[in-house]
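Accompanying notes for the structure given below.
The values are calculated or read from the model by the stated rules, or taken from the named source; none is laboratory data. None of these values were measured; they are calculated from a predicted model. Please note: Cβ atoms are built from the backbone with ideal geometry, for glycine as well, and neighbour counts cover all protein chains shown. SASA here: full protein model, heavy atoms, side chains in, ligands and nucleic acids out. Shrake-Rupley method; radii C 1.70, N 1.55, O 1.52, S 1.80 Å.
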Amino acid sequence: MEFDLDYLRQQLPLLRAGLVVTIQVSAIAVVLSIAIGLVGAAVRVLRVPVLRQLFAGYVEVIRNTPLLVQIFFVFFGLPTLGLVLPIFWCGVLSLTLWAGAFQTENLRGGLSAVHRGLSEAARALGLSRFQYLRLVGLPLAVRISLPSILNTCVSLVKNSAYVSAIGLQDLSAVAFERIANDFRAFEMLSVLLVGYLALVLSLSFSVRALEHRLQAPFRR
Amino acid sequence: MMDTLDLLRTNAPLLLIGLRSTLYLAAVTLLASTAIGVFFGTLATLKPRWIRTLSALYVEVFRDIPLIVTIFAIFFGAPALGIPLEPFPAVALGLSLWGGANGAEIVRGGLQSIPHGQREAATALGLRLWKIYLLILWPQALRAMLPAFTGLLALIIQSTSLGALVGVTEFLKAGGLIIETSTVMRGVNPAFGIYAFVLLVYFAICSVLTWLSRRLERRLSLRGGGHAVRAPDAAGV
């Protein structure tokens, strides 16, 4: 069995469609998970009574259970309660919930690294706790925890391959299906190898470049 | 609710088989990951540049490719190369390659946490390189690495659920089988309850390990044993 470039060329439109799905799912989940992270970190720092415990529990559950089981739970479990979502949004929802927990932790870490004096100064100036978070705390926290936030985003893009398990036609699902139908394992596996390595490496290189830039003021 | 409990009770043997398979798979993977991790993690601390590059390349590749792709690649790729591979060894191999990459990072961190003077002193005493590692560096690195390896075990246990996709009857698959039979035989789909239970069991096992990992980490720093290697995070591997 040799490497068949012509075959690969024929499959290109399918693979491109898969790549688009991978990017779409990840992009939406990145945005939504950061939103969850902002809310979660704020809730935990403001010590909002019930919500705070809920978020702490949510983070622990997500961190200590397999992503695949979470995806199955969303895709197979929720419909039996009458909550039917299209498969695309099942993928987005589970990836969002997964990454949201880690973003909450990232931002909480960032917030706790913001100097105490700033929150005291904000209070002395008459800012409410919420105003402090919105105007001072969170903007600084985002900057402090940007590396870990972006690393989580890179992981999210990588782990978006898990949605192929429920049949969402992302890059890996398209490739797996071609292998099962055409027995062209080498061609498709090399596409996956190159595709994901390119995606993840280019993202993590940009993260490193950004980190470097952000540290510029503190470098001697 | 009662229905789910009934289902779980009648299918307890199947669930136990699944759980045993999950733990067995995790144990095999942990052993192999440790071996691979020690190998590549040690290479990363050696002098020659090309050896360090080799180690970095291995770590980068298996951490950047989605684990699900690695496992499918082995599962489909081995037969295409003419090597018949059962689902269980295929999954164990895929998990170990990935776990080994993460183990290598931990071992590298552990070895680098040892003050350089140790190595210099050993060299001055005339110890050969392999003896420096065996008698001086590895034993000391072990303390710094233990919390991180405990955390890695939690991640490995979570990742074994991928076995369900290629036909290993581990815990997740056992849950899926119960749902399937119940749906077909009785026309009731218990997916919510069963998968909630599956989540709960994984949570119980992994949160104990995570807790243990944090505790070990804290104990190490309290006793002045230097800093522990950071445990790998599901969002970082």
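Using the heavy atoms of the protein chains alone and a 1.4 angstrom probe, what is the accessible area of the stretch B:2-222 per residue in square angstrom? Before the final figure, lay out the partial values.
Working: 10610 Å² over 221 residues.
With all protein chains present, the stretch B:2-222 gives 48 Å² per residue.
Which percent of the accessible heavy-atom area of the stretch A:93-169 goes to carbon and sulfur, probe 1.4 angstrom? Numbers along the way, then the final one.
Values: 1980 of 3210 Å².
C and S fraction of accessible area: 62 percent.
At a threshold of 8 angstrom on Cα-Cα distance, excluding pairs fewer than six apart, so keeping six or more, what relative contact order does the stretch B:2-222 reach in percent?
Working: 253 pairs, mean separation 60.8, N = 221.
Relative contact order of the stretch B:2-222: 28 percent.
Summed over both chains, the accessible area lost when B and A associate is about 3400 Å², using a 1.4 Å probe. Per atom type, the stretch B:2-222 shows carbon and sulfur on 69% of its accessible surface, probed at 1.4 Å. Averaged over its residues, the stretch A:163-220 has an accessible area of 53 Å² per residue, based on protein heavy atoms and a 1.4 Å probe.
For the stretch B:31-73, heavy-atom accessible area (probe 1.4 Å) falls by no less than 20 Å² from the chain alone to the full protein assembly at B:60, B:61, B:64, B:65, B:66, B:68, B:69, B:72, B:73.
I want to verify the translational diffusion coefficient of the protein assembly as shown in µm²/s; compute it with Stokes-Einstein, Rh as the Kirkwood radius over Cα pairs, at 37 °C and 0.692 mPa s. Kindly include the intermediate steps, with their values, before the conclusion.
Values: Rh = 23.8 Å.
So the translational diffusion coefficient is about 138 µm²/s.
Compared with its chain on its own, the stretch A:137-161 contains the following residues whose accessible area drops by 20 Å² or more in the full protein assembly (probe 1.4 Å; ligands, DNA and RNA excluded): A:155, A:158, A:161.
In the calculated pair distance distribution of the stretch A:5-218, what percentage of Cα-Cα distances lie above 26 Å? Working shown, then result.
Working: 10411 of 22791 pairs.
Within the stretch A:5-218, distances greater than 26 Å cover 46 percent of Cα pairs.
Computed over the alpha-carbon atoms, the stretch A:151-220 gives an Rg to Rh ratio of 1.19, Rh here being the Kirkwood radius from the mean inverse distance.
Over all pairs of distinct alpha carbons, what does the Kirkwood formula give as the hydrodynamic radius of chain B, in Å? Spell out each step's value before the answer.
Working: mean 1/r = 0.0509 Å⁻¹.
It is 19.6 Å.
Near residue B:181: Cβ cut-off under 14 Å, other residues only, Lys/Arg at +1 and Asp/Glu at -1. The net charge is -1. Sorted on the mean count of surrounding Cβ atoms within 10 Å across their residues, most packed first, peptides B:124-131, A:198-205, B:210-217 read B:210-217, A:198-205, B:124-131.
Highest mobility in the GNM of chain B, judged by mean-square fluctuation with C-alpha springs under 10 Å and restricted to B:81, B:134, B:30, is found for B:81. Burial annotation for the stretch B:171-202: residues with an accessible-area loss of at least 20 Å² between the isolated chain and the complete set of protein chains, computed on heavy atoms with a 1.4 Å probe, are B:172, B:189, B:191, B:192, B:195, B:199, B:202. With the convex hull drawn over the C-alpha atoms of the stretch B:130-189, the volume per residue is 96 Å³. Using the Cα centre of the stretch B:159-237 as origin and beta-carbon charges of +1 (Lys, Arg) and -1 (Asp, Glu), tell me which of B:190, B:162, B:232 is placed farthest towards the positive end of the dipole. Toward the positive end, the furthest listed residue is B:232.
How large is the dipole of the stretch A:5-218 about the Cα centre if only Lys and Arg carry +1 and Asp and Glu carry -1, each at its Cβ, rounded to the nearest 20 debye?
On the way: 17 positive and 9 negative charges, 177 e Å.
Charge dipole, the stretch A:5-218, about its Cα centre: 840 debye, nearest 20.
Over the stretch B:97-167, all Cα pairs binned in 5 Å intervals from 0 give whole-percent P(r) values of 3, 15, 21, 18, 13, 10, 7, 6, 4, 2, 1, listed from short to long.
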